Amino acid sequence: MKILPDTDKLLLEQSDNWLTIWFNRPESRNALSEGLTDDLCAVLNAVRDDQGCRGITLRGKGGVFCAGGDLKNFKAGFQGGEQSQADIEAASRAAGEMFDLINEMPQVVVILVEGAAMAGGLGMVCIADIVAVTRDAKFAMTETTLGIPPAQIAPFVVQRLGLSSARRLMLTASRFNGEEAGRLGLADFVVDDASGLDQVEADIKQQVKRCAPGANAVTKEVVLATRHLNREEMVDFAAKGFAACMLSDEGREGVASFFEKRKPYWSVKH
């Protein structure tokens, strides 16, 4: 895997072709400050094209995933007279671009939640490929209680939960726990505690490493393309992805390993 940027707002762990990114602002409940989001984008861009990185886990230090946006910055920066409306719009667009980056990473993205995932933190959960939460974790989109909309996360909440649940949760700022997150479809796995999250992650890693990294990347592209391509465009896009993978080194290796009754090279531990 590549050498990653230095950062004090994130803790980075690289092990067995997997990157774990810990949000490391426990004093602010891992709120999404400008510095943290800049560092996160820098790290993700550094590994985006690295097929040696098979997956990425996001989680939070201090027993909490993420409290959402940094309200101190909202008050001092956005409302303190230092920034114009155009400046605030630019900052919001940058947040949207961060969510897009996470959503479209070629690697499998796993999010593990304990403590709480509020507002933008909940929105980030909605863009993971796989989500595990503790039963007592807390969730809410609290933006409207502060007089602001959950603007950049709204499309991803709809994508994950469906329009009906998204509207109810955003317009009421309703709070719910990990059990309800599982029933809503926000969480794929609901466990008792942090050790349960570790076990889920270990199982996911084992499963993902059976899959070819290039094929997984194309699969994510095809899945996400369903949001904006019509049926005719989708058929063509999927055909091109399928053909490219079929003729790739991975495709040839995968078919050959099946007939030779052996594991393909990407699933063999080095």
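The values are calculated or read from the model by the stated rules, or taken from the named source; none is laboratory data. All figures in this text were calculated on a predicted structure; none of them were measured in a lab. Backbone-built Cβ (ideal geometry, glycine too); neighbour counts: all protein chains shown. Calculation scope for accessible area: heavy atoms of the full protein, side chains included, ligands and nucleic acids excluded. Shrake-Rupley method; radii C 1.70, N 1.55, O 1.52, S 1.80 Å.
Mind checking which residues of the stretch 35-89 are charged (D, E, K, R) and either open to solvent by less than 60 Å² (accessible area, probe 1.4 Å) or touching a helix residue (DSSP H, G or I) at 6+ places or on another chain (Cβ under 7 Å) (or both)? Give the steps one after another, and end with the answer.
From the stretch 35-89, those charged (D, E, K, R) are 38-39, 48-50, 54, 59, 61, 70, 72, 75, 82, 87, 89; that's our starting set.
Selection gives D39, D50, R54, R59, K61, D70.
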State whether one or more residues within the stretch 75-86 are at negative phi and touching a residue at least 40 places away in the same chain (Cβ under 8 Å). no
Per the filter on the stretch 245-269, residues surrounded by fewer than 14 Cβ atoms within 10 Å (Cβ to Cβ) and not in a loop (DSSP other than H, G, I, E, B) are M246, D249, R252, V255, A256, F258, F259, Y265
Please identify the pairs in which a residue from the stretch 2-13 that is in contact (Cβ under 8 Å) with a residue 40 or more places away in the chain has its Cβ atom under 7 Å from the Cβ atom of a residue that is surrounded by 10 or more Cβ atoms within 10 Å (Cβ to Cβ) and in a loop (DSSP other than H, G, I, E, B), counting only partners at least 6 apart or on another chain. K2/D50; L11/N24
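Just a yes or no: is a residue in the stretch 90-111 more than 19 Å from the chain's Cα centre (by Cα), at pLDDT below 90 and either open to solvent by 30 Å² or more (accessible area, probe 1.4 Å) or farther than 26 Å from T145 by Cα (or both)? Working first, answer last.
So the first thing to find is which residues in the stretch 90-111 are more than 19 Å from the chain's Cα centre (by Cα), and the list is 90-91.
Filter again for at pLDDT below 90, leaving none.
Looking through the stretch 90-111, none of the residues is more than 19 Å from the chain's Cα centre (by Cα), at pLDDT below 90 and either open to solvent by 30 Å² or more (accessible area, probe 1.4 Å) or farther than 26 Å from T145 by Cα (or both).
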Can you find a residue that is open to solvent by 60 Å² or more (accessible area, probe 1.4 Å) and closer than 27 Å to S267 by Cβ anywhere in the stretch 168-175? no
Of the residues that sit in the stretch 129-152 and are within 15 Å of the chain's Cα centre (by Cα) and open to solvent by 10 Å² or more (accessible area, probe 1.4 Å), which one is nearest to N216 (Cα to Cα)? D129
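Do you know which residues across the stretch 223-238 are under 22 Å from D129 (Cβ atoms) and open to solvent by 40 Å² or more (accessible area, probe 1.4 Å)?
Those that are under 22 Å from D129 (Cβ atoms) and open to solvent by 40 Å² or more (accessible area, probe 1.4 Å): V223, T226, R227, H228, L229, F237.
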Checked pairs for the stretch 88-101, first of a type in the set (S, T, Y), second open to solvent by 50 Å² or more (accessible area, probe 1.4 Å), C-beta under 9 Å and 6 or more apart or across chains, list as S92/A151; S92/Q152
Within the stretch 198-215, is even one residue under 23 Å from the mean Cα position of the chain (by Cα), crowded, with 16+ Cβ neighbours inside 10 Å, part of a loop (DSSP other than H, G, I, E, B) and of a type in the set (G, A, S)? yes
Unmet criterion (only one of (1) hydrophobic (A, V, I, L, M, F, W, C); (2) open to solvent by 50 Å² or more (accessible area, probe 1.4 Å); (3) in contact with a Cys (Cβ under 9 Å, 6 or more places away or on another chain)) for L11: (3)
Contact list, first residue from the stretch 18-38 and without any contact (Cβ under 8 Å) to a residue 12 or more places away in the chain, second anywhere and aromatic (F, W, Y), beta-carbon distance below 6 Å, six or more apart or interchain, is none
Quick one: would you say G121 is touching a Leu at 6+ places or on another chain (Cβ under 9 Å) and closer than 18 Å to A31 by Cα? yes
Restricting attention to the stretch 167-199, which residues are more than 22 Å from A151 (Cβ to Cβ) and polar (S, T, N, Q)? N177, S195, Q199
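Would you confirm, using the coordinates I've provided, whether G241 is farther than 17 Å from V268 by Cβ and open to solvent by less than 80 Å² (accessible area, probe 1.4 Å)? First the steps, then the outcome.
On the way: farther than 17 Å from V268 by Cβ: yes; open to solvent by less than 80 Å² (accessible area, probe 1.4 Å): yes.
Yes; evaluated as a whole, the condition is true for this residue.
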Please work out which residue is farthest from R48 (Cα to Cα), limiting yourself to the stretch 1-36 and to residues that are outside any strand (DSSP E or B) and of a type in the set (D, E). E27
Take N24 and tell me if it is at pLDDT 95 or above and open to solvent by 30 Å² or more (accessible area, probe 1.4 Å). yes
